[in-house]
Amino acid sequence: MSVNTSYAFEDLEVGMEASYARAVTTADIIAFADLSGDSNPVHLDAVYAATTPFKTPISHGMLTAGYISAVFGMHLPGPGAIYISQTLNFRAPVRDGDEVVARVRIVDLLPAKRRARFECICRVGDKIVLEGEAILMLPGRTTPAAT
């Protein structure tokens, strides 16, 4: 993924938004399980998942949340942004083959500490699968050193 934008705090405005879309694959789910150490059979074992309310394996919720991080790190605000906090409310499962669209929108700017508050929503089709809020610390514009 290439960087599309990089904003300093001073460049941001309430209402700005960006998104990232990705189709979840079985390979993604397996790789996330390997990287995170979360091998819960609800994600990896179809026989086990059939005994759950989901009936089929589901993706890790944190994999879906990772797509929000992709928006922040690569698009809005872009490189240099640092997470301060994130709330996540998981509304529906994500399965192999689902295309997740993660969208973030600036809802507040906090200039005293160069922070921004974002609404975060992930959808599969018209269904919200994850929603929450994030606060990020942002870089300011660099200024030349005094001589």
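Does R123 qualify as being basic (K, R), surrounded by 15 or more Cβ atoms within 10 Å (Cβ to Cβ) and closer than 28 Å to E10 by Cβ?
no
Is it the case that L138 is surrounded by 15 or more Cβ atoms within 10 Å (Cβ to Cβ), farther than 15 Å from A70 by Cα, among the hydrophobic types (A, V, I, L, M, F, W, C) and modelled with pLDDT under 95? For L138, the condition - surrounded by 15 or more Cβ atoms within 10 Å (Cβ to Cβ), farther than 15 Å from A70 by Cα, among the hydrophobic types (A, V, I, L, M, F, W, C) and modelled with pLDDT under 95 - is met. In segment 39-59, the residues that are without any contact (Cβ under 8 Å) to a residue 60 or more places away in the chain form Cβ pairs under 7 Å with partners that are of a type in the set (G, A, S) and outside any helix (DSSP H, G or I), at six or more places apart or across chains, as follows: H43/S59.
Taken over segment 111-125, the criterion of being touching a residue at least 40 places away in the same chain (Cβ under 8 Å) and on the phi > 0 side of the Ramachandran plot is satisfied by R114 alone. Within segment 20-28, at least one residue is more than 13 Å from the chain's Cα centre (by Cα), surrounded by 16 or more Cβ atoms within 10 Å (Cβ to Cβ) and either touching a residue at least 12 places away in the same chain (Cβ under 8 Å) or farther than 30 Å from L109 by Cβ (or both). For segment 67-147, the strands (runs of 3 or more DSSP E) that sit wholly inside it and include 1 or more residues that are of a type in the set (D, E) and over 14 Å from the mean Cα position of the chain (by Cα) are 99-110. Of the numbered criteria (1) modelled with pLDDT of 95 or more; (2) crowded, with 19+ Cβ neighbours inside 10 Å, the one A81 fails is (1).
The values are calculated or read from the model by the stated rules, or taken from the named source; none is laboratory data. Not measured: the values here are computed from a predicted model. Reconstructed Cβ throughout: ideal geometry from the backbone, glycine too, with neighbour counts over all protein chains shown.
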